[in-house]
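Okay, so here's the structure we're looking at.
The values are calculated or read from the model by the stated rules, or taken from the named source; none is laboratory data. Everything quoted here is computed from the prediction, not taken from an experiment. Here the Cβ positions follow ideal geometry from the backbone for every residue, glycine too, while neighbour counts run over all protein chains shown.
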């Protein structure tokens, strides 16, 4: 969220050139040392139309067999603990669902949840053991690991990692757009920063390192 153009589009810093389209009227800002974008929950989100590089199945043969999967996440500062808000997604209407990271304020305990679908309609998910907080920066991430026996889903809330088994061996190739701050519904009210998407199941140690190396920017 530190690089954007005059029209508000957000530049991809990975080198893949996947610029995200600016929707609504979110505002770029910085908090201490952390750059972020703030969504107001009404028409605000970043998006990129469906394309091959975002259709991560978790079975890509160009990734080593032991590390095939999908990982996504970032730092978020939600403002509401009473509703379900989308953090990151490629998740359309029934029949076009792939992957979804959300905060479930509408669920008891206010967990962070990560879901995948292997046919575009069904889903499996992992939910955090503890709940997220409003108006505080928190690291949130999700992972699908195709290499684990029976496959595995994992979700992080700061240092806490929660796992769940899934029978789904791949992620559905949907035509939904990739979004930060939205899906079909459930637009985010809050801030997002340093979001990432990987066509690989990052190791526990790597996700932990991302959290530890960036937390000082958010005074965590």
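Some observations on this one:
- Selection status of residue 101, touching a residue at least 60 places away in the same chain (Cβ under 8 Å) and either in contact with a strand residue (DSSP E or B) (Cβ under 9 Å, 6 or more places away or on another chain) or not in a strand (DSSP E or B) (or both): no
- Residues in the stretch 72-91 that are closer than 20 Å to residue 153 by Cβ and surrounded by fewer than 21 Cβ atoms within 10 Å (Cβ to Cβ): 84 only.
- Test for residue 66: is it at negative phi and either assigned to a loop (DSSP other than H, G, I, E, B) or free of Cβ contacts under 8 Å to residues at least 40 places away in the same chain (or both): no
- Filter result for residue 46 (more than 19 Å from residue 3 (Cβ to Cβ) and either surrounded by 19 or more Cβ atoms within 10 Å (Cβ to Cβ) or at pLDDT below 95 (or both)): no
- From the list 69, 58, 106, the lone residue that is surrounded by fewer than 18 Cβ atoms within 10 Å (Cβ to Cβ) and touching a strand residue (DSSP E or B) at 6+ places or on another chain (Cβ under 7 Å) is 106.
- Strands (runs of 3 or more DSSP E) fully within the stretch 128-212 that include at least 1 residues being crowded, with 19+ Cβ neighbours inside 10 Å: 138-145, 152-157, 178-180, 189-198.
- Matching residues, the stretch 19-53, being out of contact with any strand residue (DSSP E or B) (no Cβ under 6 Å at 6 or more places or on another chain), assigned to a loop (DSSP other than H, G, I, E, B) and closer than 20 Å to residue 188 by Cβ: 19, 24, 25, 42, 43, 44, 49
- Of the criteria (1) farther than 23 Å from residue 211 by Cβ; (2) without any contact (Cβ under 8 Å) to a residue 60 or more places away in the chain, which one residue 81 fails: (1)
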